[in-house]
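The block underneath contains the structure these notes are about, expressed in structure tokens.
Each value in this text was obtained by applying a stated rule to the coordinates, not by laboratory testing. Values in this document were obtained by computation on a predicted structure and should not be read as measured data. Reconstructed Cβ throughout: ideal geometry from the backbone, glycine too, with neighbour counts over all protein chains shown.
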Amino acid sequence: MEKVDVLLGLQWGDEGKGKVVDVLTPNYGLVCRFQGGPNAGHTLEFDGKKVVLRSIPSGVFQGNKINVIGNGVVLDPALFKSEAEALEATGVDLVSRLYISKKAHLILPTHRLLDAAYESAKGSGKIGTTGKGIGPTYTDKVSRNGLRVGDILHDFESKYAQAVARHKEILSHYSFPYDLEKIEKEWLEGVEYLKRFNLIDSEHFINSSLKKGCKVLAEGAQGTMLDVDFGSYPFVTSSNTVSAGACTGLGVAPRMIGEVYGIFKAYCTRVGSGPFPTELFDETGKTIRDLGHEYGAVTGRERRCGWIDLVALKYAVMINGVTKLIMMKSDVLDQFETIKACTAYKMGGKIVEEFPFDISEDIEPVYTELKGWKTDMTHMTSVEEFPAEFNDYIAFLEKQLEVPIAIVSVGPDRKQTILR
Ligand code: GDP
Ligand code: IMO
Ligand code: MG
């Protein structure tokens, strides 16, 4: 019996999950997404190419591995069609290597409209969602009104019409103009396109694969600080991004979970609204954004940048039961004289080391300063080449987080990955 290893983000998303899933894929038989949807943008770079995946797992490029879109995912057939067709155009035989859970919920065009209507009604309190209909789709799932991928196979028209009528009624309460016809046409074409894929009971498939000795990698989307339970609520996404989400999002028992890879940037970013204690509004923040090309993979939105937050990271390590850490984008800090790490929050005059209920309160980060390594690390291929100050940074983080850093990434390319 094999296990499911989980790889997930420990910060506010965009840690580099796609890149590392692609790197690790040769070690696995199956790669499965377990939550989220096209709000994700997972970037892979190899052989001079750059690909951004949104609903399709990041294991489609290395060998002929089977990839699964699990039941915990929400799928937009129109966006899926354009993403899949673009991949097929590059020669990837997707139909043979991508299976989709019949229990995954469908994002309807009206979910996208509702997402936009809710956001505009929130005014300055808006979440800054990706506008992909994620919240409304998960809301319908939990309120038992959702449509699932399996529904497209039987009597779909009437189920769809019923859902749309309900959504239109809700939309009528918002002064929000919309043109459903155009997006609906594309969406229905997407539904037809979906039918060429293996639509399966993925929980059975994954468990029987494990039984046959196939190793499974579960690919998280978003990050722990965006988790609906443990993130910076309400500025979060609508799914459980934490390791427990892999159990419900794939139908595997907790005892089947093996390694939990927690991935983080050597600094920290966030896109959209919501609190971010270590955010930098000065030149340093701008420098990190420029050097790290910190712009959204999907929306192109500027990512907010700041120093690493160990209060939040320790919390994420605890909630996920992280067994191995992966540090990304170390190269972005290559030029810095000094690197700061937040080890506590000062709140109302008190020092707080445990991640608090509400981080939107006035927080002054307490920083430890470390010496920068001032060395170009992007060409390095082994730990022996690491500068002493970089090793000091790693040792400091490992001591704080009490988990080993097993992988270090020094550039966006597949090859710029160093195992420790
Ligand atoms: P994901 O959503 O977690 O898969 O991450 P994104 O793809 O949204 O964002 C990560 C960005 O950083 C992408 O543009 C990657 O190509 C890039 N990236 C990944 N690892 C590294 C690294 O080690 N160094 C640098 N400079 N860029 C990286
Ligand atoms: P990956 O998988 C970064 C953020 C949005 C917004 C909040 C809610 O690429 O790391 P949603 O559309 O989910 O309702 O938006 O969550 N968000 C992400 N931020 N990376 C992501 O995915 C994100 N997916 C959602 O910006 O603040
Ligand atoms: Mg991303």
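Under 10 Å, Cα contacts only: if you run a Gaussian network model on the chain, which one of 245, 262, 296 comes out with the highest mean-square fluctuation?
So, out of 245, 262, 296, the one fluctuating most is 296.
If r is the Cβ-Cβ distance from residue 121 to residue 376 and R0 is 41 Å, what FRET efficiency results, to the nearest 0.05?
On the way: r = 48 Å, r/R0 = 1.18.
Using R0 = 41 Å, I get an efficiency of 0.25.
Expressed as a whole number of Å, what is the distance separating the alpha-carbon centroids of region 133-160 and region 22-42?
Computed from Cα coordinates, the inter-centre distance equals 23 Å.
In what order do 380, 225, 1, 347 fall by count of nearby beta-carbon atoms within 10 Å, going from fewest to most? All intermediate terms of the calculation are to be shown ahead of the outcome.
Values: 380 20, 225 28, 1 9, 347 16.
Neighbour counts put them in this order, fewest first: 1, 347, 380, 225.
Between residue 172 and residue 419, what is the spin-label point distance in nm, taking each point 7 Å from the Cα along the Cα→C-beta axis?
The answer from the label model is 6.1 nm.
Hey, what angle do you get for helix 109-122 against the long axis of the chain, alpha-carbon based, 0 to 90 degrees rounded to 10?
Once rounded, one gets 50 degrees.
So how tilted is helix 310-320 from the main axis of the chain? Cα-based, degrees 0 to 90, rounded to 10.
50
So how do 82, 55, 124, 175 line up by other beta-carbon neighbours within 10 Å, fewest first?
Values: 82 15, 55 27, 124 5, 175 9.
Result, fewest neighbours first: 124, 175, 82, 55.
Might you report the magnitude of the Cβ-based charge dipole of the chain about its Cα centre, with Lys and Arg at +1 and Asp and Glu at -1, to the nearest 20 debye?
Values: 49 positive and 56 negative charges, 215 e Å.
Taking the Cα centre of the chain as origin, the dipole is about 1040 debye.
Mind checking region 296-400 for chymotrypsin sites (Phe, Trp or Tyr not before Pro) that DSSP puts in a loop (not H, G, I, E or B) and that have at most 15 other Cβ atoms within 10 Å?
In loop regions of region 296-400 (DSSP not H, G, I, E or B), the sparsely surrounded chymotrypsin sites (Phe, Trp or Tyr not before Pro) are 357.
If the chain between residue 402 and residue 259 were fully stretched, how many nm would it gain, using 0.36 nm times the residue separation less the Cα-Cα distance? Numbers along the way, then the final one.
On the way: separation 143, 0.36 × 143 = 51.48 nm, distance 1.53 nm.
Between residue 402 and residue 259, full extension yields 50.0 nm more.
Given a Förster distance of 25 Å, report the FRET efficiency between residue 93 and residue 248 from their Cβ-Cβ distance, rounded to the nearest 0.05.
Values: r = 30 Å, r/R0 = 1.21.
Calculated value: 0.25.
Going through the cross-link list 19/122; 50/399; 211/314; 19/195; 49/159, which pairs have a Cα-Cα distance over 32 Å in this structure? The partial results should precede the final answer.
On the way: 19/122 35 Å; 50/399 35 Å; 211/314 34 Å; 19/195 29 Å; 49/159 41 Å.
Those over the limit are 19/122; 50/399; 211/314; 49/159.
Residues in region 70-89, backbone N under 13 Å from the label point at residue 162 (7 Å along the Cα-to-beta-carbon vector): list them, ranges by number please.
none
Taking other Cβ within 10 Å of each residue's Cβ, how do 227, 179, 140, 376 sort, fewest first?
179, 376, 140, 227
What is the helix-to-structure angle for 388-401, meaning the angle in degrees between its Cα long axis and the longest Cα principal axis of the chain, kept from 0 to 90 and rounded to the nearest 10?
60
Would you compute, from DSSP H runs of 4+ residues alone, the mean residue ellipticity of the chain at 222 nm, taking -39500 (n - 2.57) per run and dividing by the full residue count, rounded to the nearest 500? List each step's numbers first, then the result.
On the way: 12 runs with 130 residues, N = 420.
After summing the helix terms and dividing by residue count, I get -9500 deg cm²/dmol.
Of 196, 270, 289, which has the largest mean-square fluctuation in a 10 Å C-alpha GNM of the chain?
With Cα springs under 10 Å in the chain, the top fluctuation among 196, 270, 289 is at 196.
Give, as ranges by residue number, the residues of region 92-121 whose backbone N falls under 17 Å from the point 7 Å along Cα→Cβ of residue 153.
It comes to 96, 98-106, nothing else.
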